[in-house]
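The values are calculated or read from the model by the stated rules, or taken from the named source; none is laboratory data. Just so it is clear, the structure is predicted and the values come from calculations on it, not from any experiment. Cβ placement follows ideal geometry from the backbone for every residue including glycine, while neighbour counts extend to all protein chains displayed.
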Amino acid sequence: MVRAGKPKRLVIERALTDSLLARALEKHLPIREVRERIGPSDYPDFGPDDLVLARHYGSFIKPCPGTRGYLCCGLQIIHFGLGCHLGCTYCILQSYLNTQALVLFGNVEDGLARLQDLLARNKPPFRRYCTGEFTDSLLLEDLTGLGARLVELFAGQSQAVLELKTKTDQVQTLLGLNHGGRTIISFSVNAPAVAAGEESGAAPLKKRLAAAARAVEHGYRVGFHFDPLIRHPGWPEGYRRTVADIFQYVPAEAIAWISLGAFRYLPGLKAVVAGRHPKSRIMDEEFVLAADGKMRYLRPLRVEIYRSLLTFIREFWPEACVYLCMESPRVWREVFGFDPGPRSLIEMLDQRV
Amino acid sequence: MIKIESLRFALVRDEEIDQATPFLLSYGLEPSGLRASLERIGQITPLILQPAQGRYRLISGYRRRRILQELGRGEYQALILPPDLGDREALGLALEDNLSQRPFNAAEKVLALTHLSRFYSPTELIQTFLPRLGLPPKAQYLDRFMGLAELGTAGLTALAAGDLDPETGEMIVKMPAEDRAVVIDLLNRLRPGLNKRKQIVAWLQEIGRREGVPVRTVIESEAIQEAIQDERLNTPQKEKAVRELLRARRYPRLKEFEEKQARLLKSLNLPPKVRLEPPLNFEGLDFTVRINFADLKELKESLETLNRLAAGPDLAALVELG
């Protein structure tokens, strides 16, 4: 379940009305409008109730852009849509995107064909692919079935794995599949107070963990992303609670990795949050402009929260594979006592799968 | 559009005109040339009046009437509207009459939209009247300007004078009424520029939320009151002092780090031609050293100093701090 409502109507670009995705969606949603052409400049015309099916002209597969000076985990992004209606207060998409509608690329078959080409090479270097960079991987899984198709596509791969990242518990369509151990289902998790107050449209935390447990029962490995870590009153107890819950629901050996990423945002997000979520207090901590142009918690505050999380996790599983998402070598050194460098971080994660 | 044949001109005595101003669209200082023009050559532009219950109500020309009153004129040229003309049309005439003479200040835009909202839907206001007032046709601007009516006299006066911008005004409107007047008074005393004004109000709000105290309590704190009342400081110095106090209270850990960094930098006692710049916000990747020198001897001396410092604890502590 997710607590946010689903889109209520479809808007389709005319050339895509016969696409597989359009036909799948039409079974669930009424068509509000068919437009001759829908480009990014049209996106602001649509609201949170709209699901827009538009053609994507750019690349469907692209490496995570990373940022100079911050260590990137080296994922390849499968880009099938953008936007999310879970309504998390901190969501960076609010400042990236020019629409509150959810946009899916109706020509996603082109992207899947491109992906098949890449996978067919089946040669090194090893690649970790993910969806869920510009939208939630499983948000509309019950309507589109895209996640299930990807799972099957990766099942026989020896040089690639898929990571599906979600804040939902919608794993039902994935459970009976032959995944070949090549898909990691990852759950974005947070302290209970943050999950309840700042992620009000997402699945409740315990539902996410229960979904992770179900996935593990069906042979999947799972990941957990504590991202964004948010400093709030009582955060140490809150995060310790969530770490404890994870290990209560899921056996340690089924966890591929746990990532940590402190809340960071483009400066423009602050005004958006003030307007859309006036009761949220997430912007009231001490943020500074960092070298990547984003606002980040003052470094010692980040190090403090990372060290705490690392301690909590290691209490339950000393060998846990924990990494920092987009952090500086200096912060790595202060948290872990070493800086893996960009290559070693990627190799470390590759070796886990 | 109103029919021209339904209009007439007349000379009307002041006592025949109601004092009420149902469609007042003027706010703030009068345009500098208006009084001089009326003094020099008298009334050129007629008032717009409408017969009502045996008298006239003033539709447009509030300022002209007031100045002419002050100049001792008891009779005005007036364009008389038909008595059956509706309020919506009369307001439209008043709006066009005023807009044809001057651009509206922000307070006047608030007044105009408040009047117009009695007769037009939000969509009509956004699409038709926001552009007419020089504003983008977006709901957020309508919400902002309609909300600014809550600022009260002091706030609208500051808006009209340009001492308060609509965006900051919107931030102030969201505060409890007891805080608004105190914030506006602070801004009036400090007269910060646009960006600093926004920063001050944002910090006040954030400090209030972080500490769980009303904004007025922050302003009324001893340190800020001392800075405001310090007779040795001029207005820009007071503004700077208050901003520094607010920043230190908003970012206590950052301030603590900055002070520690400054102490360590000072303790290095660097030669005048050597500058050491730590990464911005303790976040950047590299320290920067700049050495200016006139000859090799000077360069060698600076390098030796840096070498010596690199082996000592203070520079190590500075680098550790980031």
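Among what's in the range A:191-239 and is among the acidic types (Asp, Glu) and crowded, with 23+ Cβ neighbours inside 10 Å, pick the residue that is farthest from A:Val171 (Cα to Cα).
A:Glu198
In the range A:255-270, is there at least one residue being assigned to a loop (DSSP other than H, G, I, E, B), more than 10 Å from chain B (Cβ to nearest Cβ), in contact with a strand residue (DSSP E or B) (Cβ under 7 Å, 6 or more places away or on another chain) and modelled with pLDDT under 95? Yes: one or more hits.
Quick one: is B:Leu309 touching a Leu at 6+ places or on another chain (Cβ under 6 Å), within 30 Å of A:Val335 (Cβ to Cβ) and not basic (Lys, Arg)? Yes. Exactly one residue among B:Lys266, B:Lys273, B:Lys255, B:Lys198 is over 19 Å from B:Ala158 (Cβ atoms) and within 14 Å of another protein chain (Cβ to nearest Cβ), and that residue is B:Lys255.
Residues in the range B:48-103 that are among the basic types (Lys, Arg) and assigned to a strand (DSSP E or B): B:Arg55, B:Arg57. Would you mind telling me which numbered condition in (1) farther than 30 Å from A:Lys294 by Cβ; (2) among the aliphatic types (A, V, I, L, M); (3) in contact with a strand residue (DSSP E or B) (Cβ under 8 Å, 6 or more places away or on another chain) B:Ala310 fails? If we test B:Ala310 against (1) farther than 30 Å from A:Lys294 by Cβ; (2) among the aliphatic types (A, V, I, L, M); (3) in contact with a strand residue (DSSP E or B) (Cβ under 8 Å, 6 or more places away or on another chain), just (3) comes out false.
With respect to (1) out of contact with any strand residue (DSSP E or B) (no Cβ under 6 Å at 6 or more places or on another chain); (2) modelled with pLDDT under 95; (3) not aliphatic (A, V, I, L, M), the lone exception for B:Pro83 is condition (1).
Condition check: closer than 25 Å to B:Pro192 by Cβ, surrounded by 21 or more Cβ atoms within 10 Å (Cβ to Cβ), out of contact with any strand residue (DSSP E or B) (no Cβ under 9 Å at 6 or more places or on another chain) and not assigned by TED's automatic domain parsing to the domain that holds B:Tyr62. Does B:Thr153 satisfy that? Criteria not met by B:Thr153. Could you please give the count of residues in the range A:313-332 that are more than 14 Å from every other protein chain (Cβ to nearest Cβ) and more than 23 Å from the chain's Cα centre (by Cα)? Total satisfying the criteria: 6. Taking the range A:31-63 as the range and being surrounded by fewer than 19 Cβ atoms within 10 Å (Cβ to Cβ), within 16 Å of A:Leu143 (Cβ to Cβ) and either of a type in the set (Phe, Trp, Tyr) or in contact with a Leu (Cβ under 7 Å, 6 or more places away or on another chain) (or both) as the test, the residues that pass are A:Ile31, A:Arg32.
For the range B:26-47, indicate whether the set of residues that are in contact with an Asp or Glu (Cβ under 6 Å, 6 or more places away or on another chain), touching a residue at least 24 places away in the same chain (Cβ under 8 Å), of a type in the set (S, T, N, Q) and buried (at least 16 other Cβ atoms within 10 Å of the Cβ) is non-empty. Scanning the range B:26-47 turns up no residue that is in contact with an Asp or Glu (Cβ under 6 Å, 6 or more places away or on another chain), touching a residue at least 24 places away in the same chain (Cβ under 8 Å), of a type in the set (S, T, N, Q) and buried (at least 16 other Cβ atoms within 10 Å of the Cβ). Within the range B:204-230, the set of residues being exposed (fewer than 14 other Cβ atoms within 10 Å of the Cβ) and within 14 Å of another protein chain (Cβ to nearest Cβ) comprises B:Arg209, B:Glu211, B:Gly212, B:Val213.
Annotation note: of A:Ala254, A:Ala290, A:Ala262, the sole residue that is among the hydrophobic types (A, V, I, L, M, F, W, C) and closer than 20 Å to A:Leu164 by Cβ is A:Ala254. When A:Asp292, A:Asp350 are screened for being more than 12 Å from every other protein chain (Cβ to nearest Cβ), over 21 Å from A:Ile246 (Cβ atoms) and out of contact with any Gly (no Cβ under 6 Å at 6 or more places or on another chain), only A:Asp350 passes.
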